[in-house]
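Working notes, beginning with the structure itself.
The values are calculated or read from the model by the stated rules, or taken from the named source; none is laboratory data. Everything quoted here is computed from the prediction, not taken from an experiment. Here the Cβ positions follow ideal geometry from the backbone for every residue, glycine too, while neighbour counts run over all protein chains shown. These area figures cover heavy atoms from the full protein model, side chains too; ligands, DNA and RNA do not enter into them. Shrake-Rupley method; radii C 1.70, N 1.55, O 1.52, S 1.80 Å.
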Amino acid sequence: LAGAALCFLAGVFFPFFHVTKFWLFHDAISVVGGIATLFQEGEYFLFVVLTLFTLVFPVMKLGLLGAIWRRRRRGDEALQRLHARVEQLGKWSMLDVFVVAILVVAMKSAGVADLQIGVGLYLFTVSVVATQLVSGLVARTLRAD
């Protein structure tokens, strides 16, 4: 869980993409930087959606999983219900992966810019996978014999 949290934090601040436009202009785009740019450009709807699904939901899921793990006991029904809610949150937080995939396809197919995947995307992906694995481990730990 700690590794997932560290990968998440690093992933959202490290560049997701390196973009080269017209072979002259190079830019590195991170999640946090991209979200800040959306706000500055007045794209408030996208700002809110991406902030929720890329930052808020994953942080809430990691925090709740940590709280559940610290208090875990077999057969604890209250923790099992809380974990079920965390699982639902996890399904919604996967929307960010979908959005990133659409962004990659759109930018690559536009042909205006050359897009290279940055380390942030890999760290973020490791975080998503590790969080799902931890969530499964927590579910098994909470199940009554």
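Scanning the range 80-118 for residues that are of a type outside the set (D, E, K, R), surrounded by fewer than 15 Cβ atoms within 10 Å (Cβ to Cβ) and at pLDDT 80 or above gives Ala84, Gln116, Ile117.
Within the range 122-145, residues that are within 15 Å of Gly66 (Cβ to Cβ) have Cβ atoms under 8 Å from residues that are among the polar types (S, T, N, Q) and surrounded by fewer than 19 Cβ atoms within 10 Å (Cβ to Cβ) in these pairs: Leu142/Gln80, counting only partners at least 6 apart in sequence or on another chain.
The sole residue among Ala2, Ala67 that is modelled with pLDDT of 80 or more, loosely packed, with under 15 Cβ neighbours inside 10 Å, under 16 Å from Gln132 (Cβ atoms) and among the aliphatic types (A, V, I, L, M) is Ala2. Return a yes/no flag: does the range 19-32 have any residue that is out of contact with any Lys or Arg (no Cβ under 9 Å at 6 or more places or on another chain), small (Gly, Ala, Ser) and free of Cβ contacts under 8 Å to residues at least 24 places away in the same chain. No, that holds for no residue. Is it fair to say Leu50 is open to solvent by less than 50 Å² (accessible area, probe 1.4 Å), modelled with pLDDT of 85 or more and of a type outside the set (S, T, N, Q)? Against the criterion (open to solvent by less than 50 Å² (accessible area, probe 1.4 Å), modelled with pLDDT of 85 or more and of a type outside the set (S, T, N, Q)), Leu50 does not qualify. Considering each of Val19, Val56 in turn, give the residue that is at pLDDT 85 or above and either under 21 Å from the mean Cα position of the chain (by Cα) or of a type in the set (Val, Ile, Thr) (or both). Exactly one of Val19, Val56 is at pLDDT 85 or above and either under 21 Å from the mean Cα position of the chain (by Cα) or of a type in the set (Val, Ile, Thr) (or both), namely Val56.
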